[in-house]
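Take a look at this one; I'll ask things after.
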Amino acid sequence: MSAAYVQQLRRTGVFAGGLAFALQVLIAISIEVGDDLGRGLFSQHGTREGIDNARGLVAFEVSHGFFVEPAWQIFFLQTRHIFTLTITSEAVERLMNGIYLIGHVGVTLGVALWVYIYRRRWFGLLRNVVILVNLFALAIYENFPVAPPRLTTGLIFNHHSFAFRDTLFGVVDASGRVVGTQTGYNEFSALPSVHMAWAVVAGASLVILARPLWAKSIGVIYPVCMLIAVVVTGNHYFLDVVGGIAVVVAAYGVAMLIDRWWNNPNRTQFRSGRALSGAP
């Protein structure tokens, strides 16, 4: 890259814009990352309580007839033969893990960058929604820890003892740390599902702000894929997913109020008047 080209980028504000985007992304994700690292490295919060709360969620689903997560995992994680094509359970497992791990960060970041470049007016609202989602989720984690399905013991499905298959085994060890590193995360933070929350935010952004039909279609399909992935990988119950969607709705409502207050002409005129009069 030539010096002249670098100078041109600087003059057009590309570097400043990129730095501003990166800083806002770091602020938006720092809440969840800070909690994950803190709990994963130093203390797992609510181990016994988290398992008991997870069993309570399962009991609620059973009593209302929608405890079907075991059936989903059994259905998806098996080898299938379609004509001459063989789709192994290992291939499906890798796909689900990829959606869960890479999609969560990659798709959300990609949509945020697209909004920042092409729909800048709405980026502030998107950023605030993500920040509020993480804040609300953290408050629930600290007061109501819930174990994911893969860590919940003593479950009964179809009158038999059932243990969810841990598809992330080999990526994350039993202590909640990424294999081969000392990096950990809070394993008892299943409700609400932030994976589902971020997927809904990203999907809704595409559906509302994108113009091509194919882009809007991705906005609809991606949250559905994430829903399947969080269940099949044994990381979330359906009630965790419902909790994630509810947190997004609440965060969006609060973010809209903040956006309206910030862009209120009366507030802007009041501040401008005080500045012109020399008032502090």
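The values are calculated or read from the model by the stated rules, or taken from the named source; none is laboratory data. All values reported here derive from a predicted model rather than from experimental measurement. Cβ atoms come from the backbone with ideal geometry, glycine included; neighbour counts cover every protein chain shown.
Going through R55, R121, R48 one at a time, which residue ends up being more than 21 Å from the chain's Cα centre (by Cα), assigned to a helix (DSSP H, G or I), of a type in the set (D, E, K, R) and under 16 Å from F164 (Cα atoms)?
Result of the check over R55, R121, R48: R55.
Take the residues in the stretch 136-168 that are assigned to a loop (DSSP other than H, G, I, E, B) and polar (S, T, N, Q), then tell me which one is farthest from the chain's Cα centre (by Cα).
Result: N158.
Please work out which residue is modelled with the highest pLDDT, limiting yourself to the stretch 79-102 and to residues that are among the polar types (S, T, N, Q) and surrounded by 14 or more Cβ atoms within 10 Å (Cβ to Cβ).
Across the stretch 79-102, the extreme among qualifying residues is N97.
Okay, moving on. In the stretch 160-176, which residues are at pLDDT below 75, over 23 Å from V92 (Cβ atoms) and touching a Leu at 6+ places or on another chain (Cβ under 8 Å)?
none
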